[in-house]
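Step one of this worksheet: look at the structure below.
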Amino acid sequence: MSLVKWAIFGLLMLPMVEIAVFVAVALKLGVLAALALTILTSLAGMAIVRNAGQAEIARVRDAFGDRTIRRVELDGTGFLTVLGGFLLVIPGFVTDALGALLLFPPAQHALRAALRRAIAGAAAPATPPGVVDLAPDQWERLPEARIADDRAPQGSPGRRG
């Protein structure tokens, strides 16, 4: 499956996984404790997003609004901090765990490196090395016999000329 299909599948499965994890935590800790934990992580996410700085939030908003995320937006630590804060604001323990993970510098470095590789891979040409794409007016089809004659070594019976 392609990466886009996996992303869509993951986004569709996220609510079901979040509900299942919430039920499991509620069975272990109690419903009120699970609900309080969800509210506390959302409040912590709001505080992180607010403290991340208005300039960083505006920069991230502009990058997503223009739908052009360049390397400059991904290099700053503020981008991943804001993303982690937004994931903490979303109710659910799975998104809270991902958001909390994004607040740690080693995870930020690993994700930043993976994003750089993905962007570099997307910018790479689609044709494999050694393949030359020509427009239809830049080539002509040769008959098979002529190709075989041109490949025969000089002086051999199959070579003309």
ask   = Do we have Leu27 as free of Cβ contacts under 8 Å to residues at least 24 places away in the same chain, loosely packed, with under 12 Cβ neighbours inside 10 Å and either at positive phi or not polar (S, T, N, Q) (or both) here?
value = yes
inquiry  = Taking the conditions exactly as written (surrounded by 15 or more Cβ atoms within 10 Å (Cβ to Cβ), under 15 Å from the mean Cα position of the chain (by Cα), in a helix (DSSP H, G or I) and modelled with pLDDT of 85 or more), does Leu74 satisfy them or not?
reply    = no
Residues (among the hydrophobic types (A, V, I, L, M, F, W, C), at pLDDT below 75, assigned to a helix (DSSP H, G or I) and under 24 Å from the mean Cα position of the chain (by Cα)) located in the range 100-149 = Ile119, Ala120, Ala122, Ala123
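The values are calculated or read from the model by the stated rules, or taken from the named source; none is laboratory data. Just so it is clear, the structure is predicted and the values come from calculations on it, not from any experiment. Glycine gets a Cβ as well: all are built from the backbone with ideal geometry, and neighbour counts include every protein chain shown.
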